[in-house]
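Everything below concerns the one structure shown next.
The values are calculated or read from the model by the stated rules, or taken from the named source; none is laboratory data. Since this is a predicted model, take the numbers as computed values, not measurements. Cβ sites come from the backbone with ideal geometry, for glycine too, and all protein chains shown count toward neighbours. Only protein heavy atoms, including side chains, enter the accessible area calculation; ligands, DNA and RNA are left aside. Shrake-Rupley method; radii C 1.70, N 1.55, O 1.52, S 1.80 Å.
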Amino acid sequence: MMKNSIKNFKRSQSFYSFIGLALVFVIASLIVKEFLTFNNIITVLRQGSVLLILSTGLTAVILTGNMDLSVGAASGLVGCLCAQLLKSGVPIPVVFVIGLITGAIIGIFNGFLVGIVKLPSFIATYGTNWVVAGLSIIIMNGDIIYGLPEGFTWLGTGYVGPIPFIIIVALIMVIVAYVMLQKTTFGRDIYAYGSNKDAALYSAVPIKKTLFSAFIMSGVTAAIAGILMTARLDAADSTMGDAYGLQTVAAVVVGGTSMLGGEGGITGTVIGAILLTIIVNVMNLLGITSFAQPMVVGIVILVMVLFDSYSRRRQNTTVKKDSKKSN
Amino acid sequence: MNETILTTRGITKEFPGVKALDSVDFDLRSGEVHILVGENGAGKSTLAKVILGAYVPEEGEIYLGNEKVSFKTTRDALSRGIVAVYQEFTLIPYLNVAQNIFFNREPRNKFGLIDHKKMEEDAKSILQSLNCDYINVKLPTKVLSVAEQQMVEIAKALSFNPKIMVFDEPTATLSEREVESLFERIRKLKESGLGIIYVSHRMQEFKHIGERITVLRDGKKIGTVNIDDVNDKELVNMMVGRDISQVYHRSENKFSGEVLRTERLSDKNGKVKDVSITLNKGEIVGIAGLVGAGRTELARLIFGIDPIGGGKLFIKGKEIKDSSPVKIVKEGLGMVCEDRKRQGLALNDSVLWNTMAVSLKSFFPKVLISRKKIFEIATDYVKQLRVATPDVYRACKYLSGGNQQKVVLAKWLSAKTDIMIFDEPTRGIDVGAKMEIYAMMDKLAVEGKSILMISSELPEVIGMSDRIYIMHNGRIAGECKRGELTADEIGSKMLGIGGDTCEC
Amino acid sequence: MKRTLTMAITVLLVVAMLVGCGQTGPNVNPSNSATPSTSTNPSGSEKPSANDYWGPEPALEADPTPVAVDELPTTGIGTQISTDIKANSKYKIAIIVKNTTNPFLLKSIAGTQKAAEDMGFECISLSPARQDSLEDQVKIIEDAIQQGVDGIILHPIDSNGIMPAIRKAQEANIPVACIGTPAAQQTFLRSGVDYTATGVLITHAVAEQIGKKGKIIILEGPPAAQNAQERLQGIQTALKDYPEIEVVASQTTNFKRTEGMSVTENLLQKHRDIDAIIACNDESALGAIQALKAEGLDGKVVIGSFDGNEDGSAAIKNGQMHVSYNTDPFGSTYLSAVYIVQYLNDGTMPPKYFVPFPSELQNPLITSDNIDDYINNIAWWH
Amino acid sequence: MNAKVATNNPIIKFIKSIPPVVWITLVLISVFSMSSDRYLQFSNFSNMLVQSVPLMLVAFAQTLIVLTQGTDLSLGAQVSFVTVIWIYLTKAGVPIYISAIVAVLMSMCVGAVNGLIVSKGKIPPFIATLGMQNILNSISLLLTAGASIYIFNPLFHNVTQAKIVGLPLTVWIAALMFLITWVVLYKTKLGAQVFGLGGNQEALTLAGINLIKPSIKIYAFAGLLTGVSGLITTCRLESGQPVVGAGWEFEAVAATLLGGTSLREGKGGIGGTVFGVLLITILKNGLNVSGVPSLYQNAIIGMIILMSIVIDALARRAKS
């Protein structure tokens, strides 16, 4: 069984992303001496947490062959909403529940546009992104909120032993998402939907429910990310989630999850998210000018995806070869 | 007339580890239809592709007349007048008929821009020569029927002024009437002196159209025979290489109790009208009809894909309302659907997950799944059905049609549904696999499962069914027990002609 | 083949360009002499036209002799600003900002609205739908001209890029007052701060605090945001006076707290021994404070920043931040509105092109010394 | 042919054939005209036309790409890139017209590289162009050191102020680019290939057509359109702006979709895109002119565009 899972891992796309990550890791530790310190690793993980959490939910959506461009804005909206509620004295647990419900509602809205109205998810979620970002501006009234209750900010800044709590949350989210996608029938429904929606329908997969669940999962993880982001910053402003939108997509795709759906998974996403975080960390440590940073990120995205596409094709031809053999 | 226009000598094509073609000789005369048959993987498509220039053989020569040629690409072959009509349509949905026929070879006007007028006129004249002038050349091909699209595809091939045409399974998606009109056109083409290579699985087609048959097996040529000199059984022997005493074997079986009943069932689009049928335990019921008669729509209606428009549906005596596949499968009904590649399988996904697609929830009612157990279950079914795959992790797209269909069967067997709808269960698969599927159906019936089989291949319906409903234009046009009606009688009912006015 | 050739040529051109990039300079600004002279006032009305102030020379330098406080038509600063002047008729004045996600800009709007209440004119507030989009801001100005506004108070996204739109306003005889970032050429009025100057001032304050030597980190604003670039320039200029101060890192934080935090976290891995951080706005500084707190370094690093916003003030009060700069958006727009109303009433021009906002005429630096007074009496964010 | 569907009344038939985007645009215009008496003036419409030109050209480019079943996220960055390159080269002493041509050529090269990566590398266009967007952003920022760059040249002013037969020159340029795009799309081999790439890629492969060449050409042509858009933007802003085009690519997708081009199957054309862009421009202009507080504008614009897309989708479904 162990051998089998190693073989499976090698076969999966995340294997190549893993090699990419390992390569970047080795290079980083060679050229930046501060990279491989406990503190820095913790820093990288801490910074990657929000991206990681966002990507777990998005992975579910992309696995169905859809796209969710609204995750960044959704996390921003939930963060803003929570901050406003906390400011007006609503107790923390209630705020959590409202935040998660808001995330779920955004997910349901996306699911409705994609599953019922049948808009292409790309444009539907972009529309949602636009509206949700607009709502954050309205909620915040353009302001920035500071000074949230300590019990709340501890989520973002607190430690359990030497490990920041936020990393633990991210880890839990990753495990939950992994189990959901890989070890449950629900996860298989998502893969089935993404591999071939019609076949899923004919195989009695509840396809609407699956699609909605994927978007809700994405909405809820965005909500959790939003809450943690706000807690970590001890502040909320209406644009704080914007930058995460496309970055999250990049993390998932760099991790080897196919944009056509049905292929990939959480393992790759974790690798992708950490890879992107490490690159920014290393560039900061090296003092690379901020103007050049997008270029490096862009090149890394292109190289990883090109490599992924190449390896996929190579795998296809080798499999074709042995299936000829077996005939 | 009738001189040999194409000859291949000793064509050998190797893929790593396998000889796809082993020293194959083949010849084609002008004005003949030469049929190429063989099981999947026998090399017939490979041979066609070598002739079309898509594959370059390792050994062997191709002669056009007396001239030796070697094709490196399809363009080389095209320039020598060899064109293909593919099974999967190569039309572009939102370009019109004329644009599709002259795609990438559009006539230009003096400004170097596309001359739409000339293009449309040329397209019209080609369609006219095919007796298809009812097709409007200005319509996007998306809105045409499948048969019309096929004609456009042939017109496109003809626009190259070919000497040799290769048809690769052209009838797979056509109804019987459409097949007939296609054959009429092929005959016309043949008369005009074209040489035609026709790759097909369907044995009953050959007689209508072909002159000679070349049978391939395992990359080797078994023989070329005149069509009139050989009967079905001999042909099957040549293809499969073993003696098959009976293609359609049915065991003695008793039926008991009704498991499925529809009462005046209709859909919302008027494709299915007032259909009342019953299915008993242990029974195989065939539904015969032309493509477009509403058979597949009926299946979709019963399976809960489309909403019920009127009438009632009972499964095991229980009325089903607001049906959905999820609900229907819970009631124990499964469906092997018509379009294996689009609806039956997730081609990119592995044999394992395709096998488990329906049954996962019944094996793991507690949500969490165990990979080890899944592996065991899937491997078990793969072995049981003799699916030819090195392991269950192989993606389905790499399997042959017959093996893919076996995976679809495995999916429903593992789900242990006791009522099955089989929609065109043997379409596009080779004889060997076909017989295995028939045997499986028989076994299921003996085990007390019930099967509703939809097919446009009459011999199959007649050979396998205990009872047959004949559908025409969305309605049930007739019903008969096993052996009650002849193929011709059923055929005329399918066409909407009453049994008494049968034109035999 | 042809395409390959085209590509090759273009690649050559790119190379040529990159080589040429080393030698730019001779004709940096070939334009000044050629500027068309449109400064005449064709209408010939008795009141001086706003166009008169649009001269050929870009007037970006701050006037060395500021307008005295008692010469201003207003009294007080921050939210306490007021005036006696009333509008003669219901003028329509537009306040056009860069985005609606920044408290600073919202207070700019609030300042204008207060002025509208006090003086009796109609205030409309506009902002690009796409945050910080220059193209959208230009469209908004064009739309405002269509709408027939009488005056525009503008927070330009970019000095140069905004000029064509400003010129259109001037052609329509609409006075344009720029806050903060000035337009490339002189307009009716410029108020707010000289960002370069604020950069210099804050840097001096920080340098003094760390004893004119040590290691510092600069947290830059968004690339391509002009005000951020000007602040950075100011900081860099001032640092030339302190040869013993070493800038160990200078990275963008996009004016955002999140990024201020993550960038600082990263940099602290390498540079734990820094003495000061200069952040280009309070938000990024607050992010940096969060990061320092997490590393247990808060209070040990001198932090200088800009804006004097609410949270920033709190940080100064509890000793986490050393100095910030009161940019008073509220007072700046209020003052601009007063000058525009004066002009619309009777053609009175502002005494100078650049009239800094009132607080700069007092002490704009906020430190622990004056923080209570600032929070209680002066702050623009109340 | 379609005797059953065709109504006898040609007027009703005509009205039915008008896509929803036109109706929505007309509704918006009538709503906004109520809020301000200056709205319905010719000058305001001329103003809106001028404002819509840069996005219009980007939207034409996006339409072409969408027809091939892709989306180009680098289009906005290409616009910024062109504005920067033009000013940068001119500043470096290259004659202004030549630098303009070079800038457009470079944007075409960027497009060609996109096309190459997408077709040869077989990467989803979304992610390939996302990478390119990042790279172009960096180049623009590095060349300008993060600020805008500026030269004085009367050309800019002349371009934006010139009028031909009452309409601004830039509007005529847009019309010309529309015509060129239309000819390319419907009158050349490349156009047929665009529909081919979007409709049935396998068909192209089977027909022995190399997918790489047409992809490169299409993306390069998109680069030409964004290049011209960049030039016009430069003239409008009289400066090189390293981030000016940020987000245009998405608005262009919205406009394309509003115009009836399908993201899925290579269906549609650039005619509708014109209305898609006008809708967005009219919406933004109208909210400004009618004085809706800017705080609410973002959400309102997003909502109306999303609603328009939903209405359009539903109307189309009802039709078929």
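Between region D:107-130 and region B:459-476, how many Å separate their Cα centres? Region D:107-130 and region B:459-476 have Cα centres spaced 53 Å from each other. In plain terms, chain A is cut at each of the trypsin sites (Lys or Arg not before Pro) found in a DSSP loop with at most 15 other Cβ atoms within 10 Å, and the longest leftover piece is A:119-327.
Placing +1 on each Lys and Arg Cβ and -1 on each Asp and Glu Cβ, with no other charges, gives the protein assembly as shown a dipole about its Cα centre of roughly 4540 debye. About the centre of its Cα atoms, region C:195-325 shows a dipole size close to 200 debye [charges on the beta carbon of Lys, Arg (+1) and Asp, Glu (-1) only; nearest 20 debye].
For region C:195-325, go through all pairs of different Cα atoms, get the mean of 1/r, take its inverse, and jot down that Kirkwood value in Å. Walk me through the intermediate numbers first.
Details: mean 1/r = 0.0722 Å⁻¹.
Every distinct Cα pair counted, the radius reaches 13.9 Å.
All C-alpha to C-alpha distances of the protein assembly as shown, sorted into 20 Å bins beginning at zero, yield P(r) values of 9, 32, 33, 18, 7, 1 percent in whole numbers.
For C:Glu246, the residues 5 or more places off, or on other chains, whose built amide H falls under 5 Å of its own are C:Gly214, C:Lys215, C:Ile216.
Please compute the net charge surrounding D:Arg38, taking Lys and Arg as +1 and Asp and Glu as -1 over other residues with Cβ under 14 Å from its Cβ. Could you put the intermediate results ahead of the total?
Working: positive: C:Lys92; negative: C:Glu142, C:Asp143, C:Asp150, D:Asp37.
Result for the local shell: -3.
Alpha-carbon geometry of chain B: the Rg and the Dmax are 24.2, 76 Å, given in that order. Among residues other than A:Leu306 with Cβ under 13 Å from its Cβ, the summed charge is +4 (Lys and Arg +1, Asp and Glu -1). Note on B:Lys481 and D:Met34: their simple-model spin labels are 7.5 nm apart, each label 7 Å out from Cα toward Cβ. Rounded to the nearest Hz, the phi-derived 3J(HN,Hα) couplings of region A:281-289 under the Karplus curve 6.51 cos²θ - 1.76 cosθ + 1.60 (θ = phi - 60°) are 4, 5, 5, 5, 5, 7, x, 6, 4, where x marks glycine and proline. Close amide H partners of A:Tyr159, meaning residues 5 or more places away or on another chain with modelled amide H under 5 Å apart, are A:Phe165.
Taking chymotrypsin sites (Phe, Trp or Tyr not before Pro) that fall in a DSSP loop and have at most 12 other Cβ atoms within 10 Å as cut points, what is the longest piece of chain B between them? Of all site-free stretches, the longest is B:135-504. Ordered from highest to lowest accessible area with the whole protein assembly present and a 1.4 Å probe, B:Glu169, B:Glu67, B:Glu484 read as B:Glu484, B:Glu67, B:Glu169.
Counting Lys and Arg as +1 and Asp and Glu as -1 over every other residue whose Cβ lies under 9 Å from the Cβ of B:Thr224, the net charge comes to 0.
Find which of B:Pro365, B:Thr379, B:Ala395 sits farthest along the positive direction of the dipole of region B:349-416, computed with +1 on the beta-carbon of Lys and Arg, -1 on that of Asp and Glu, about the Cα centre. Looking along the dipole axis, the top candidate is B:Pro365.
Let me have the relative contact order for chain B, percent, based on Cα pairs under 8 Å that are six or more residues apart. This gives 15 percent for chain B. Across region B:407-419, computed HN-Hα scalar couplings (Karplus, 6.51 cos²θ - 1.76 cosθ + 1.60, θ = phi - 60°) run 5, 4, 4, 4, 4, 7, 5, 5, 6, 6, 6, 9, 10 Hz from first to last residue, x flagging Gly and Pro. For region B:279-372, applying the loop criterion from DSSP together with a ceiling of 14 other beta carbons within 10 Å to the trypsin sites (Lys or Arg not before Pro) yields B:Lys321, B:Lys366.
Solvent-accessible surface (1.4 Å probe) assigned to D:Val113 amounts to roughly 60 Å². Averaging 1/r over each pair of different alpha-carbon atoms in region D:37-314 and inverting the result gives 19.1 Å, the Kirkwood hydrodynamic radius. Listed values for region B:277-293 are Karplus-derived 3J(HN,Hα) couplings in whole Hz (6.51 cos²θ - 1.76 cosθ + 1.60, θ = phi - 60°), namely 9, 9, 9, 9, 5, x, 10, 10, 10, x, 10, 9, x, 6, 4, x, 7, and x replaces Gly and Pro.
With a 1.4 Å probe and all protein chains kept in place, how do A:Val296, D:Val27 rank by accessible area, largest first? Write out the running numbers ahead of the final one.
Details: A:Val296 50, D:Val27 85 Å².
Reading off the accessible areas and sorting them downward yields D:Val27, A:Val296.
Label positions at B:Tyr393 and C:Asn363, each projected 7 Å from the Cα along the C-beta direction, are separated by 7.3 nm. Qualifying GluC sites (Glu not before Pro) in region B:409-470, where qualification requires a DSSP coil assignment and no more than 12 other C-beta atoms within 10 Å, comprise B:Glu447.
What trypsin sites (Lys or Arg not before Pro) does region C:84-147 have in DSSP loop regions with at most 14 other beta carbons within 10 Å?
Values: sites: C:Lys86, C:Lys90, C:Lys92, C:Lys98, C:Lys107, C:Lys114, C:Arg130, C:Lys139; in loops: C:Lys86, C:Lys90, C:Lys98, C:Arg130.
Here the sparse-neighbourhood loop sites are C:Lys86, C:Lys90.
Near the amide H of B:Lys220, within less than 5 Å, lie the amide hydrogens of B:Asp22, all on another chain or at least 5 residues away, with H placed in the peptide plane.
Close Lys pairs in region C:195-325, defined as Cα atoms under 20 Å apart and 8 or more places apart or on different chains, number 14.
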